[in-house]
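A.B. asks: This is the structure I have questions about; it appears just below.
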Amino acid sequence: PDRVAFLMPSMAGAGGCRFNCYNLLHRIAVDGEGHESVPILVPNHGRGFYDTLTGASGHLVMRNAWRGMVAQDLLQKALHHVRPRERTPGAADALYRRFFGELIKAVESGNDIFRVMREARDAFAAVPMSGDSLPRIAVIGEVFVRSQAFSNLDLIRRIEEIGGEVLLAPLTEWLQYVGLAEIADAARRRRIVNALKLKVVTR
């Protein structure tokens, strides 16, 4: 508990948007498992989102976390490309689990994320695949639902089972959107220094 926290943002001025309910439901679930002391970090996706995260963790931790999120998006992209074409069922899932675990360790320890990703690239490229040309289907929409198999009824596997390849909108797309929204808000309020600072942070 003294080294773990959940991150589940909320939205400013969103009224009854379900996105605001997720952190509350997570709190109930975590407490129900007997982990009342584990904090849930709930930065608001409006003004100050990046300031909240940086204040809670520091710039170096934030940069490492961002690299980890980009890397996880790329791992998922490799999984979704290889899995519907693999000749040995389960090969892509096994690689994804392996390198996702290694990625988590690298993010936690500050080790070389790039090394992990180079190894993952080579391992996925070595999986025997059919040469089939598959229709590519984009899965977009609300970030939590599209990213959680439980919430979307395992939509990605269902598409793969009927012969499609999924292009899943990345998790980092949401963070980029938040950054752009904060920059636009700072510019609108004539806070030019804040806008420039956010441009640097979000690049």
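A.B. asks: Between ARG18 and ILE137, what FRET efficiency comes out of the Förster formula 1/(1 + (r/R0)^6) with R0 = 30 Å and r the beta carbon distance, rounded to 0.05? Working shown, then result.
C.D. replies: On the way: r = 24 Å, r/R0 = 0.81.
My answer for the efficiency is 0.80.
A.B. asks: What whole-number value in Å² describes the accessible area per residue of the stretch 97-203 for a 1.4 Å probe?
C.D. replies: Numbers: 7110 Å² over 107 residues.
Value returned for the stretch 97-203: 66 Å² of accessible area per residue.
A.B. asks: Still on this structure: From the Cα trace of the stretch 59-193, what convex hull volume per residue do you get, rounded to a whole Å³? Let's see the in-between values first.
C.D. replies: Details: hull volume 17.8 nm³, N = 135.
So the per-residue hull volume is 132 Å³.
A.B. asks: What are the ³J(HN,Hα) couplings of the stretch 157-168, residue after residue, when phi is run through the Karplus curve with 6.51, -1.76, 1.60 and θ = phi - 60°? Round to Hz, x for glycine and proline.
C.D. replies: Those phi angles translate into 5, 4, 5, 5, 5, 9, x, x, 10, 8, 10, 8 Hz.
A.B. asks: Also, I was wondering about something else. What ³J(HN,Hα) values, in whole Hz, does the Karplus curve 6.51 cos²θ - 1.76 cosθ + 1.60 give for the stretch 108-119 when θ = phi - 60°, with x put for Gly and Pro?
C.D. replies: After applying 6.51 cos²θ - 1.76 cosθ + 1.60, I find 5, 8, x, 6, 6, 5, 5, 4, 4, 6, 5, 5 Hz.
A.B. asks: For VAL139, what residues show an amide H to amide H distance below 5 Å, using hydrogens built from the backbone and excluding near sequence neighbours?
C.D. replies: Amide H neighbours of VAL139, under 5 Å, 5+ apart: LEU167, LEU168, ALA169.
A.B. asks: How are the alpha carbon pair distances in the stretch 91-149 distributed across 10 Å bins from zero to the largest one, expressed in percent?
C.D. replies: Here the calculated profile for the stretch 91-149 is 18, 33, 40, 9.
A.B. asks: Another question about this same structure. What figure in square angstrom, to the nearest 10, would you give for the accessible area of ASP93 with a 1.4 Å probe?
C.D. replies: The accessible area of ASP93 comes to roughly 30 Å².
A.B. asks: Give the accessible area for ILE137 in Å² (nearest 10); use a 1.4 Å probe, count only protein heavy atoms, and leave out ligands, DNA and RNA.
C.D. replies: Around 70 Å² of this residue is reachable by solvent.
A.B. asks: Another one. Which one of SER147, ALA91, PHE114 has its Cα pushed farthest toward the positive end of the charge dipole of the stretch 77-149, where Lys and Arg give +1 and Asp and Glu give -1 at the Cβ?
C.D. replies: Value: ALA91.
A.B. asks: Give me the number: length gained by fully extending LEU41 to ILE104, i.e. 0.36 nm times residue separation minus the C-alpha to C-alpha distance, one decimal in nm. All intermediate terms of the calculation are to be shown ahead of the outcome.
C.D. replies: Numbers: separation 63, 0.36 × 63 = 22.68 nm, distance 1.87 nm.
The LEU41-ILE104 span can extend by a further 20.8 nm.
A.B. asks: Which ³J(HN,Hα) values in Hz, rounded to whole numbers, follow from the phi angles of the stretch 27-36 under the Karplus curve 6.51 cos²θ - 1.76 cosθ + 1.60, where θ = phi - 60° and Gly and Pro get x?
C.D. replies: Once θ is set to phi - 60°, the couplings for the stretch 27-36 become 4, 4, 5, 5, 4, x, 8, x, 10, 4 Hz.
A.B. asks: Report the calculated FRET efficiency for HIS26 and LEU153 (r = Cβ-Cβ distance, R0 = 30 Å), to the nearest 0.05.
C.D. replies: Using R0 = 30 Å, I get an efficiency of 0.90.
A.B. asks: Quick one: give the max-minus-min coordinate of the C-alpha atoms of the stretch 66-110 along each principal axis, largest first, in Å.
C.D. replies: Rounded to whole Å, the extents work out to 35, 15, 6 Å.
A.B. asks: If I take every Cα pair under 8 Å that is 6 or more residues apart in the stretch 63-191, average their sequence separation and divide by the length, what percent do I get for the relative contact order?
C.D. replies: Reported as a whole number, the value is 28 percent.
A.B. asks: Testing the spin-label approximation: label points 7 Å from Cα along Cα→Cβ at ALA126 and ARG191. State their distance in nm.
C.D. replies: Placing both labels 7 Å along Cα→Cβ, they lie 5.0 nm apart.
The values are calculated or read from the model by the stated rules, or taken from the named source; none is laboratory data. Just so it is clear, the structure is predicted and the values come from calculations on it, not from any experiment. So basically every Cβ, Gly included, is an ideal-geometry build from the backbone, and we count neighbours across all protein chains shown. With ligands, DNA and RNA removed, areas are computed over all heavy atoms of the protein, side chains included. Shrake-Rupley method; radii C 1.70, N 1.55, O 1.52, S 1.80 Å.
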